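Quick notes on the structure that follows.
The values are calculated or read from the model by the stated rules, or taken from the named source; none is laboratory data. Quick caveat, the model's predicted, so the values are computed rather than measured. No Cβ is skipped: glycine too gets one built from the backbone with ideal geometry, and neighbour counts run over all protein chains shown. Side chains are part of the model used for accessible areas, which takes the heavy atoms of the whole protein and leaves out ligands, DNA and RNA. Shrake-Rupley method; radii C 1.70, N 1.55, O 1.52, S 1.80 Å.
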Amino acid sequence: MGDAGMEANISPPDNAAQQDSLFSMTDVFLISLITGLFTYWFLFRKKKEEVPDLPKIQSVAAPVRDSSFIEKMKKTGRNIVVFYGSQTGTAEEFANRLSKDAHRYGLRGMAADPEEYDLSDLSRLSEIDKSLAVFCMATYGEGDPTDNAQDFYDWLQEADADLSGLRFAVFGLGNKTYEHFNAMGKYVDKRLEELGAQRIFELGLGDDDGNLEEDFITWREQFWPAVCEHFGVEATGEESSIRQYELVLQTDVNMNKVYTGEMGRLKSYENQKPPFDAKNPFLAQVTENRKLNEGGERHLMHLELDISNSKIRYESGDHVAVYPANDSSLVNQIGEILGTDLDTIMSLNNLDEESNKKHPFPCPTSYRTALTYYLDITNPPRTNVLYELAQYATDAGEQERLRKMASSAAEGKALYLSWVVEARRNILAILQDMPSLRPPIDHLCELLPRLQARYYSIASSSKVHPNAIHICAVTVEYETKTGRLNKGVATNWLKNKVPDENGSNSRVPMYIRKSQFRLPFKPSTPVIMIGPGTGIAPFIGFIQERAWLKQQGKEVGETVLYYGCRHEREDYLYREELARFRQEGVLTQLNVAFSRDQAEKVYVQHLLKKNKENIWKLVNEGNAHIYVCGDARNMARDVQNTFYEIVAEFGNMGQPQAVDYVKKLMTKGRYSLDVWS
């Protein structure tokens, strides 16, 4: 713009003189250009002609071939592939168990991550004799596919492939407390049939709110006979213990090549490089850790993680995933019981050299590191772990008990439910209660599932806190039926993350998981937020963002919060912040239910009913968006039923029409859930 202004100020005589000069300069320039181009063409034309011969077709095709599970199955003699869509590792574990089962029937199986392969190859599976594709598909959140199954889901939606030669079966992993129970398993089963594939056994629906392990075993014990009948094969014998990994002790090892808790790249915690994700978490410094409640037995806390210079971006409503560490006292006790030097450096190497999964966790590492950072030692072990461990019990009674709990007999299932699941016995408790059970620690490490990241709704807005992520959490601690004190892994680990100057003890490996839990696009749209307890977390971020938008001069619609806690004087979280937002007019309504401050319990759904006319007006006339965060089993269901009642009453509808109305709000993104069970 400055240059244009200068040209406008040139006087006419000077302008004419410059024009003459310009023409002569232009002539010289054009002649030089033409000469240069001709010289370049003459000297270098042969090299240019050779360029098209340089690319090799093979280099383009190679990655496609590498991602073909068909080629891998042919090469390794497999005929059953078990794909898993897994967020917490359970579906992957089930897939591994099914693939190992195959050998009992004279078949060979492989577990496969759909993210690593080209699933359009399903149409070619019939090229392999007695071939079968099994899908263990977990549903995440509100009917969503897991992260590693997203591409597969997208392909299924768009595919017009002919899968008429494909034989398949599906086992879904879900939770009945959620609105869209087992949505992913149901969709995969239905869609494969639509594309012409042949279902050889009925869809299995596992319920994590009940007994997911029992659901899987029940389905599995009927699935294999159906496979035998279809292919005309028979079981070759009883289940047998087959090691998948071999132990290699590292006696003379360079400690710089030993994993010390990293999730992916060796030394990634010492030399951090973005982008940060599940395989490359960012080590965030804890800058604040304060107790939120003023009384009561529980410990509710607010943490702030510093993400400066990480290039991490988040939106209000997203989740932060943190990788916790197991309690060192539990790790030490396992080492003592098994008489092991936990600082021994070892590797567990896959005996199947063709497998993409070379180790069950990053190797080489020490037993201490594996039990601290990589393995789940606090959840009750599944039946397949008990079955494999039984061989190491020297007492006949203990061995029989373990085998019975791992069996599909009704008596065995009942014993597993009462002695392991309901008693919340973890691997340490089982070792303590069965003195003759002393497995080799390397086999135990092979059998235990991976320690998973924990997800928390972010309690801040990136508009207000671009370099920090806030977490609101309650420590989990309870006494089991055996009198043991069990503690939640992540919350107790976070509780001890106290800010310090050098920061070595206050760093948290984390990454962001994007969510669909989003504020309306238009700030003027009213919002109704319902979040008792720590369910208030995302709404602190929402309110911060609405306050920021208001400061920017935007028109912000009504911001209504329904919050609940046990006692006003004990666990009213963020009381001062909410009072300030209310005073500033950002929070237009603050409705708080103190459930135990009176004889009759009062919950958020009771306050919704009390204000039902206002609720209906906001939803029906104001096109308000509704957000629910917290407990899925009771609160979310009760709140949803309350909305059915309000819609039926003020919309003059019957119950079915009211239900349909609310479901349509969900479809349109106007009724969103961020819940857990």
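Quick rundown of the values:
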| quantity | calculated |
| --- | --- |
| Rg over Rh [alpha-carbon atoms, Kirkwood Rh] for region 365-522 | 1.08 |
| Listed residues I441, A406, V592: farthest to the positive end of the dipole of the chain (Cβ charges) | V592 |
| Summed residue charge, Cβ within 12 Å of P509's Cβ, Lys/Arg positive, Asp/Glu negative | +2 |
| Cα-based convex hull, region 346-415, per residue volume (Å³, whole number) | 136 |
| Karplus-derived 3J(HN,Hα), 6.51/-1.76/1.60, for each residue of region 526-536, Hz, glycine and proline x | x, 10, 10, 10, 10, x, x, x, 6, x, 6 |
| Calculated P(r) tail over 17 Å for region 135-200, as whole % of Cα pairs | 39 |
| Percent carbon-and-sulfur accessible area, the chain, ignoring ligands, DNA and RNA, probe 1.4 Å | 49 |
| Inter-label distance for T260 and Q657, nm, one decimal - labels placed 7 Å from Cα along Cα-to-Cβ | 6.8 |
| Dipole magnitude of region 208-275 about its Cα centre (Cβ charges: Lys, Arg +1; Asp, Glu -1), debye to nearest 20 | 820 |
| Built amide H within the under 5 Å cut-off of V476, gap 5+ | G488, T491, N492 |
| Inverse of mean 1/r across different Cα pairs in region 173-305, Kirkwood, Å | 21.4 |
| Largest-first ellipsoid semi-axes for region 325-451, taking √(5λ) over the Cα gyration tensor eigenvalues, angstrom | 25, 17, 14 |
| Whole-Å distance, taken between Cα centres, linking region 431-510 and region 236-291 | 16 |
| Accessible area per residue, Å², the chain with all protein chains present, probe 1.4 Å | 49 |
| Net +/- balance of residues flanking G296 in space, Cβ distance below 9 Å, scoring K and R +1, D and E -1 | -2 |
| Pairwise centroid distance, computed over Cα atoms, of region 551-572 with region 336-400, Å | 47 |
| Rounded Å value of the spacing that divides the Cα centres of region 598-677 and region 109-186 | 33 |
| Normalised contact order of the chain, rounded percent, pairs of Cα under 8 Å and 6 or more residues apart | 11 |
| Antiparallel DSSP beta bridges within the chain, as percent of all bridges there, nearest 5 | 50 |
| Burial order of peptide ranges 451-463, 206-218, 609-621 (average beta-carbon count within 10 Å, highest first) | 451-463, 206-218, 609-621 |
| Cross-link partners of K497 among lysines (Cα-Cα below 18 Å; sequence separation of 8 or more within a chain) | K291, K487 |
| Per residue Cα convex hull volume in Å³ - calculated over region 72-134 | 75 |
| Rounded to 5, the percent of DSSP beta bridges in region 69-231 classed as antiparallel | 10 |
| HN-Hα J in Hz across region 409-424 - Karplus 6.51, -1.76, 1.60, θ = phi - 60°, x for Gly and Pro | 5, 4, 5, x, 4, 5, 5, 4, 4, 7, 7, 9, 5, 5, 7, 6 |
| √(5λ) per eigenvalue of the Cα gyration tensor, region 88-240, largest first, Å | 23, 20, 13 |
| I312, I242, reordered so the largest accessible area comes first (probe 1.4 Å) | I242, I312 |
| Cβ charges +1 (Lys, Arg) and -1 (Asp, Glu), total dipole of region 527-675, debye | 180 |
| Percent of Cα-Cα distances greater than 27 Å, calculated over region 527-675 | 20 |
| Charge sum, other residues only, whose C-beta stays under 13 Å from G397's C-beta, Lys/Arg counted +1 and Asp/Glu -1 | -1 |
| Exceeding the 26 Å Cα-Cα cut-off - candidates K550/K617; K75/K186; K609/K664; K463/K612; K601/K663 | K75/K186; K463/K612; K601/K663 |
| Shape box of the chain [Cα atoms, principal axes, largest first, Å] | 113, 79, 59 |
| Hz values of 3J(HN,Hα) by residue in region 197-206 - Karplus curve (6.51, -1.76, 1.60), Gly and Pro given as x | 6, 9, 7, 9, 8, 5, 4, x, 10, x |
